[in-house]
Amino acid sequence: MLRQFSYMMMLVMVLAACSVADVPPAGVAPTAPVAPPTSAPAAKTATPVPPAAKPAQPTVAPTVPPAPAPAAARVNGKDISLADYEKNVARRQAEMTKQGINFSTPDGQAALAEMRRQILEGMIEQALIDEQAAKLGISVTQAEVDAAINQSIAETGGQEAFNKYLASIAGMTMDEWRAGQLEAMLTQKVIERITRDAPAKAEQVHARHILVDTAAEANALLAKLRAGADFAALAQQYSKDTVASAGGGDLGWFPRGGLFDAALEKAAFDLQPGQISGVVQSDLGGQTVYHIVQVIERDPARQLSDDALREARQMAVQSWLDGLKASAKIERLAK
């Protein structure tokens with residue numbers, strides 16, 4: 001980081017000396033009377049004394065601040081380096097190339113554009129997290145970073161192996177790795193602070209469903225269920241959800257926000273134990289599908305599973321970040 005220094009100059013003022021006219025010496029009498037002059041003698045003209053010259057002032061070139069580095073984005077007035085953004089893009093692009101993505105195709109260009117968007121959004125979110133960490137008084141010490149790096153080196157198999165690993169990540173340097181490690185550790189501390197009060201219990205339902213491709217199929221199965229057919233048996237026979245169908249369409253317990261399909265989840269939470277929904281239309285991977293759902297049990301405060309607790313915390317963090325973004329001044333400058 002460049003520091004700009006300001007300089008002060010002291011100006012010295014020199015006062016000009018004053019001149020004094022000559023005066024005849026006192027106590028000296030004239031030796032003879034002096035006749036009055038017929039005409040007035042010419043006035044004695046004092047020789048002017050020029051003022052003292054002021055010392056020459058040194059010429060100082062004005063301090064010109066360095067031009068700001070190009071920015072990829074600006075978050076609450078703070079720049080995100082364009083160079084860092086492009087470096088992250090290049091590294092990710094190299095990884096995608098190794099995975100066989102051809103960037104000369106329309107699909108490859110779309111993947112590249114989405115990758116660039118995701119990286120920029122990630123850097124914006126990191127800037128917001130860093131800002132909040134400072135407000136919350138959260139920091140990471142160099143000793144903590146050193147310990148984490150030493151652990152990574154040991155897990156990699158030593159310094160030489162670790163250096164090769166860094167070189168494989170598009171020539172990443174140790175300083176860049178250190179900076180990334182610090183950011184990751186700071187983010188983890190912030191997340192722990194944000195989610196430390198997240199409840200470990202939540203309202204949950206235990207449900208099962210039947211998934212089919214057409215509304216006609218769904219309505220035919222619904223008619224059978226209303227006529228008394230066994231839900232689990234129909235799910236095993238007709239459901240396209242091959243994972244759940246083996247267990248009679250059982251989806252297990254889940255809280256709000258914990259199911260893969262929002263429409264299906266809403267339908268389940270609208271039911272009481274034993275009730276069966278109507279036909280529920282939803283979108284699954286871009287395809288319109290149809291469900292019938294039955295709630296088996298409900299619990300207003302059931303202990304969350306490890307996976308559900310992790311998801312609940314992720315949702316809490318995302319909601320927190322969305323709030324920060326909504327209130328922040330964000331300028332996206334990278335194309």
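A few comments on the model shown:
- Boolean, GLN109 is touching a Phe, Trp or Tyr at 6+ places or on another chain (Cβ under 7 Å), at pLDDT 95 or above and either part of a helix (DSSP H, G or I) or of a type outside the set (S, T, N, Q) (or both): yes
- Some residue of the stretch 288-304 being under 21 Å from ASP213 (Cβ atoms) and out of contact with any Leu (no Cβ under 9 Å at 6 or more places or on another chain): yes
- Meets criteria (closer than 21 Å to MET185 by Cβ and open to solvent by less than 30 Å² (accessible area, probe 1.4 Å)) for ALA148: yes
Yes/no matrix, rows are residues, columns are (1) in contact (Cβ under 8 Å) with a residue 12 or more places away in the chain; (2) over 38 Å from the mean Cα position of the chain (by Cα); (3) open to solvent by 30 Å² or more (accessible area, probe 1.4 Å):
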residue	(1), (2), (3)
ALA200	yes, no, yes
ALA207	yes, yes, no
ALA218	yes, yes, no
LEU221	yes, yes, no
ALA244	yes, yes, no
TRP253	yes, no, yes
ARG256	yes, no, yes
GLU297	yes, yes, yes
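- Where a residue in the stretch 91-120 is more than 19 Å from SER168 (Cβ to Cβ) and its partner, wherever it lies, is small (Gly, Ala, Ser) and part of a loop (DSSP other than H, G, I, E, B), with Cβ under 9 Å and at least six apart: ARG116/ALA334; LEU120/ALA334
- All told, GLU183 meets the bar of being in a helix (DSSP H, G or I) and either of a type in the set (Asp, Glu) or within 30 Å of ALA246 (Cβ to Cβ) (or both).
- Residues in the stretch 283-335 that are at pLDDT 95 or above and closer than 17 Å to ALA244 by Cβ: VAL289, TYR290, HIS291, ILE292, VAL293, GLN294, VAL295, ILE296, GLU297.
- Across the stretch 157-198, the number of residues qualifying as in contact (Cβ under 8 Å) with a residue 12 or more places away in the chain and polar (S, T, N, Q) comes to 3.
- Selection within the stretch 132-145 - open to solvent by 60 Å² or more (accessible area, probe 1.4 Å), within 17 Å of ILE191 (Cβ to Cβ) and assigned to a helix (DSSP H, G or I): ALA134, LYS135, LEU136, GLU144
- Whichever residue in the stretch 223-242 is in a helix (DSSP H, G or I) and among the polar types (S, T, N, Q) and, among such residues, is most open to solvent (accessible area, probe 1.4 Å): GLN237
The values are calculated or read from the model by the stated rules, or taken from the named source; none is laboratory data. If you're wondering where the values come from, they're calculated on a predicted model, not measured in any experiment. Positions of Cβ are generated from backbone atoms using ideal geometry, with glycine treated the same way; all protein chains shown enter the neighbour counts. Calculation scope for accessible area: heavy atoms of the full protein, side chains included, ligands and nucleic acids excluded. Shrake-Rupley method; radii C 1.70, N 1.55, O 1.52, S 1.80 Å.
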